[in-house]
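To start, the structure itself, in structure tokens.
Since every read-out is calculated from the coordinates, none of them should be taken as a lab result. What you are looking at is a predicted structure, and each value in this text was computed from that prediction instead of being measured. Note that we place each Cβ from the backbone using ideal geometry, even for glycine, and neighbour counts take in every protein chain shown.
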Amino acid sequence: MSSIALPHSEPARPAGPVKKRVSPWQTWGLLMITPYVLIFLVFVLYPVVYGLWLARHPESYVKLVDDPIFARSVINTLVFLIVGINLKMIVALILSGFFVQARTWIKWLSLVFILPWALPSIPTILSIRFMLNPEWGLVNHVVFSMTGKDGPNWLNDPALALSMAILVHVWKSLPFWTLILIAGRLAIPAEHYEAASVDGATNWQKFRFITWPSMRTLYLTSTILSMIWTLGDFNSVYLLTGGGPADLTHVLATLGIRYLRLDQVDLSMASIVCAMPLVLPLVFFMMKRLSK
């Protein structure tokens, strides 16, 4: 007799949806991430959305464009970015080659060099402001003792005041970017330089064919990131000049504070929104390069 195959019977499944067990790690993960999400929503997302809501009226931008201080602030911002960032990054690249040398006195000098970046901004920049005082400041006192003539009125001349603000910004942030580029130089294998020395390459040829190709991406990324941070930096200008004289040294980062002090919140938010077309392309370009 031929055997008849009986159909395979599946085990009975319980009625209703099957509940997935939540592991303790998932529970702890949710508990740990919840405070950070709340902080992001309250202190980051809400202020941004509220600021954009305050700057929603087209009349605010009409008033902003009609204000001559706004046009001057845009020009000052571009000058601050072009001059300050290029000067800072070029000097940082040069100093990174100096501080990377393995000498004891250079290591001690690097500790002094990093102090401006490590110290708080308020006391350091205010001390420079006191030093540049035309009547009793240290700088003009030295100028008078050496030349017998009064020094320039550093912070009452718009061009000089903005130049001093740029130099203060470079002086304050230069150690940080120098350290970043030092790390980039140390990541280059020493064998490349040894082989180049055997071939008789000069220092310039080593930099051109070994150092720069290895650090080009890091240098460009650091420059873009520095531009983003500099657009939001108001310490160098606000603490040194306060936007003066006659509101002629304001940048976009300090212009919003000026409108807040005048109780013009809508113009303050509008001035910040006007800086976004400069910031967003930089953020997009940097993230695109980092994702490669």
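Once every DSSP H run of n ≥ 4 in the chain is given -39500 (n - 2.57) and the sum is divided by its residues, what mean residue ellipticity at 222 nm do you get, rounded to the nearest 500 deg cm²/dmol?
Numbers: 16 runs with 200 residues, N = 292.
Rounded to the nearest 500, it is -21500 deg cm²/dmol.
Calculate the FRET efficiency for residue 220 and residue 27 from the Cβ-Cβ distance with a Förster distance of 35 Å, rounded to the nearest 0.05.
Approximately 0.20, to the nearest 0.05.
Among the helices of the chain (complete DSSP H runs), which have Cα atoms covering no less than 30 Å along the helix axis and a Kyte-Doolittle mean of at least 0.0? Can you show the working numbers first?
Details: long enough: 158-186 (41 Å, 1.42); 265-290 (36 Å, 1.65).
Span-like helices here: 158-186, 265-290.
If I model a spin label as a point 7 Å beyond the Cα along the Cα-Cβ vector, how far apart are those points for residue 160 and residue 131 in nm?
1.6 nm
Most fluctuating residue of 169, 141, 192 in a GNM of the chain with Cα springs under 10 Å: which is it?
Most flexible of the set in this elastic network: 192.
Identify the trypsin sites (Lys or Arg not before Pro) of the stretch 79-119 meeting these criteria: DSSP loop state and at most 10 other C-beta atoms within 10 Å of the C-beta.
Within the stretch 79-119, the qualifying trypsin sites (Lys or Arg not before Pro) (loop, at most 10 other Cβ atoms within 10 Å) are 103.
Given the Cα-Cα distance of residue 207 and residue 142 and 0.36 nm per residue of separation, how much length would full extension add, in nm?
19.5 nm
Give the separation of the Cα centroids, the stretch 104-172 to the stretch 192-228, in Å.
Rounded to whole Å, the Cα centres lie 32 Å apart.
Between residue 282 and residue 115, what is the spin-label point distance in nm, taking each point 7 Å from the Cα along the Cα→C-beta axis?
It is 3.0 nm.
For the chain, what is the relative contact order in percent, using Cα pairs closer than 8 Å and at least 6 residues apart in sequence?
Relative contact order here is 26 percent.
PRE reach from residue 192 (point 7 Å along Cα→Cβ): which of the stretch 218-260 fall under 20 Å by backbone N?
Only 218-223 fall inside the zone, counting backbone N under 20 Å.
Mind running the shape call on the stretch 68-290? Use the C-alpha gyration tensor, a ≥ b ≥ c as the square roots of the eigenvalues: rounded below 1.5 for a/c, prolate if a/b tops b/c, oblate otherwise.
Working: a/c = 2.68, a/b = 1.44, b/c = 1.86.
Taking the square roots of the gyration eigenvalues as a ≥ b ≥ c, the stretch 68-290 is oblate.
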